[in-house]
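Notes to accompany the following structure.
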Amino acid sequence: MSRIVYVNGEYVPEEEAKVSVFDRGFLMADGVYEVTTVIDGRLIDFDGHAARLVRSLTELEMASPLARDELLEIHRELVRRNDLIEGMIYLQITRGVADREFTYPEDAAPTVVLFTQARGLVDSPAAARGIAVISIPDLRWRRRDIKTVQLLYPSMGKMAAVKAGANDAWMVENGFVTEGTSNNAHIVKDGRIITRNLSNDILHGITRATVLKFAREAQMEVEERPFTLEEAKEADEAFVTSASTFVTPVVKIDETAIGGGAPGPVAKRLREIYLDETRKAAI
Ligand code: PDD
């Protein structure tokens with residue numbers, strides 16, 4: 001398998017897709033990323049991801065090297081060139097190439113890389129049976145709202161989960177759940193969806209925002225506030241949201257089965273609504 005990858009204005013076979021060892025993404029994790037899902041060869045929630053990208057870049061004092069329409073065209077071109085029907089497009093923008101210094105270089109041109117990952121996402125066994133999560137302390141930095149490429153702690157968390165026989169980890173700070181290693185965390189109690197409010201403590205998930213909008217439109221009650229790990233363990237349902245997992249039920253937290261250990265009706269319904277509506281709106 002050889003993909004066509006986008007690197008700084010060119011479409012090249014993946015073997016030829018190269019970035020300098022002096023790139024600040026490599027040396028300092030000085031870069032941001034987005035993951036946009038493709039279903040039926042079309043982009044899901046593209047504008048949400050494009051808007052958050054600008055926000056992440058702005059927070060790091062980086063200019064946006066590509067306008068929204070240019071970005072869309074690159075995404076579409078990669079879908080075409082790779083015959084992508086279902087999967088993801090990964091995008092990364094770093095501050096660029098400069099001699100190693102802690103201060104930002106003044107004249108570096110940003111490095112822009114995008115590549116595709118073909119993957120079945122809609123028919124997901126994990127969504128059908130639900131996933132198990134373990135709880136771990138949230139030891140990340142305090143600007144989790146910026147989607148930076150420093151993913152070592154989430155990676156360690158996912159490894160700890162797999163070693164414990166689970167699928168993922170929920171991170172906990174001062175007793176309250178922040179989010180999953182690569183998804184937003186939600187619970188359901190007495191029909192109400194409870195999910196942590198937006199702040200610098202979590203990533204402002206694009207899927208989270210869309211799912212909550214659909215939930216409210218369907219007259220479901222949504223409460224945005226921090227919830228404790230204990231509250232989560234006593235919930236009727238729990239679920240995660242992200243671009244690649246949509247809405248996926250959580251049926252076990254540490255040793256506690258949630259909702260009798262099977263996916264519940266709210267998560268199932270939200271997944272259905274999310275997939276139906278976003279597929280209709282895909283571009
Ligand atoms: N992860 N929280 C964290 C820490 C994330 O890394 C992600 C996304 C989310 C969900 O955001 P969204 O709904 O916009 O995908 C929440 C991506 C999918 C990843 O790292 O692969």
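Brief remarks follow.
- The HN-Hα couplings worked out from phi for segment 62-71 by the Karplus form 6.51 cos²θ - 1.76 cosθ + 1.60 (θ = phi - 60°) are 10, 6, 6, x, 9, 6, 3, 5, 5, 4 Hz, whole numbers, x standing for Gly and Pro.
- Long-range HN-HN contacts of residue 97 with modeled amide H, under 5 Å: 24, 109
- Heavy-atom accessible surface of the chain: percent carbon and sulfur, 1.4 Å: 53
- Summed residue charge, Cβ within 15 Å of residue 10's Cβ, Lys/Arg positive, Asp/Glu negative: -3
- Dipole magnitude of the chain about its Cα centre (Cβ charges: Lys, Arg +1; Asp, Glu -1), debye to nearest 20: 440
- Projecting label points 7 angstrom from Cα along Cα→Cβ for residue 2 and residue 272 puts them 4.6 nm apart.
- Annotation: for a label point projected 7 angstrom from Cα along Cα→Cβ of residue 218, no residues of segment 126-143 have a backbone N closer than 14 Å.
- Förster radius 22 Å - calculated FRET efficiency between residue 254 and residue 128, Cβ distance, rounded to 0.05: 0.50
- Only protein heavy atoms count here; under a 1.4 Å probe, residue 33 has an accessible surface of about 30 Å².
- Solvent exposure of the chain, expressed per residue, is 47 Å² of accessible area, with all protein chains present and a 1.4 angstrom probe.
- Dipole-positive endmost among 98, 180, 251 within the chain (Cβ charges, Cα centre): 251
- The chain, helix-only ellipticity at 222 nm - DSSP H runs n ≥ 4, -39,500 (n - 2.57), divided by all residues, nearest 500: -9000 deg cm²/dmol
- Scattering curve values for the chain, log₁₀ I(q)/I(0), Debye with Cα scatterers, q = 0.13 Å⁻¹: -0.91
- Segment 1-35: trypsin sites (Lys or Arg not before Pro) in DSSP loop, at most 15 other beta carbons within 10 Å: 18
- Length gained on full extension, residue 189 to residue 51: 46.5 nm, using 0.36 nm per residue less the C-alpha separation.
The values are calculated or read from the model by the stated rules, or taken from the named source; none is laboratory data. Note that the coordinates shown come from a computational prediction; the quantities given were computed from them, not determined experimentally. Every residue, glycine as well, gets a Cβ built from its backbone with ideal geometry; the counts of neighbours run over all protein chains shown. For accessibility, only protein heavy atoms count, side chains too; no ligands or nucleic acids. Shrake-Rupley method; radii C 1.70, N 1.55, O 1.52, S 1.80 Å.
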